[in-house]
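Participant: The structure under discussion is supplied below as structure tokens; questions concerning it will follow.
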Amino acid sequence: MCVSMVRKTTNERAYAQQESRDMWGCNMADVETSKSLNGLLNGIAQIVYYNNAEITEELLKNELYPDLTEEEFRAMHEKMKGLLKSIATANMDQAQLEAFLTAQTRKQGTGGVSAEQAAALSRFWKSHRARVRESLLGQSRWEPGLKGLTWRVDLQTSASRGGGANIPVALVELELGRTGEDSDFVCLEFDEAKVNQVLKKMAEIQESIDAIVHRS
């Protein structure tokens, strides 16, 4: 009986050791998967949002997913890129992000995401939200852009034209330029009729913006 118990204890130890090794192997695999996903998301951000020409899709595949075929990597790359674009475009807060990722994990087939992918997206967005948002705003600006505006009302300009009355006119100075470069200045003069036209156009632009925002 004692021999039987010793054998049983030895078998249990061997089983426990094997189980521990299996769990260690799984944990290491999970860590590698997480690292690869984090690297892929960072690489996509470098290409799409940070304009880093040194990062390419080929580099990401070779460094992060060398065992995948070109088709497999392209499918994963495009899926993660599309998800990141949706998150960034909506500038999702934490609650919106959790709801979005939960919906994605429930999708069936290749259109959904795994729990590991959802976790990686969540971690990435928490760390990069502000920087990605700043990049998107920068990409939406026209160059050269308006850096500043000053204005005043002048009563002497109209009289200098030979008119009898001192009709007020508005003098507007626009500061235009590209980021990091010297500015150019443009001076414009408006009489009352022109000012009213500008105000009307600005009101129409605001109405168009409001209509778009309300539809979305």
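Participant: Give me the residue from the range 178-206 that is under 31 Å from the mean Cα position of the chain (by Cα), among the small types (G, A, S) and at negative phi and, out of that set, surrounded by the fewest Cβ atoms within 10 Å (Cβ to Cβ).
Facilitator: A203
Participant: Yes or no: the range 21-31 includes at least one residue that is outside any loop (DSSP other than H, G, I, E, B), among the charged types (D, E, K, R), surrounded by 11 or more Cβ atoms within 10 Å (Cβ to Cβ) and modelled with pLDDT of 75 or more.
Facilitator: Taking every residue of the range 21-31 in turn, none turns out to be outside any loop (DSSP other than H, G, I, E, B), among the charged types (D, E, K, R), surrounded by 11 or more Cβ atoms within 10 Å (Cβ to Cβ) and modelled with pLDDT of 75 or more.
Participant: Continuing with this model, one more query. Considering only the range 75-124, state which residues are hydrophobic (A, V, I, L, M, F, W, C) and not in a helix (DSSP H, G or I).
Facilitator: Correct list: M92, V113.
Participant: Determine the pairs where a residue that is loosely packed, with under 11 Cβ neighbours inside 10 Å and modelled with pLDDT under 95, located within the range 91-107, has a partner that is in a loop (DSSP other than H, G, I, E, B) and aliphatic (A, V, I, L, M) with Cβ atoms under 9 Å apart, the partner being 6 or more residues away or on another chain.
Facilitator: K107/V113
Participant: Given the residues G39, G82, G43, which is the only one that is within 12 Å of the chain's Cα centre (by Cα), under 24 Å from K126 (Cα atoms) and open to solvent by less than 70 Å² (accessible area, probe 1.4 Å)?
Facilitator: On inspection, the qualifying residue turns out to be G82.
Participant: Something else about it: Taking the conditions exactly as written (modelled with pLDDT under 80, buried (at least 16 other Cβ atoms within 10 Å of the Cβ) and among the small types (G, A, S)), does S158 satisfy them or not?
Facilitator: So S158 fits the description; yes.
The values are calculated or read from the model by the stated rules, or taken from the named source; none is laboratory data. Predicted model, so just to flag it, every value in this text is computed and none were measured. Note: ideal-geometry Cβ built from the backbone for every residue, glycine included; neighbour counts use all protein chains shown. What goes into the accessible areas is simple: the full protein's heavy atoms, side chains included, and nothing from ligands, DNA or RNA. Shrake-Rupley method; radii C 1.70, N 1.55, O 1.52, S 1.80 Å.
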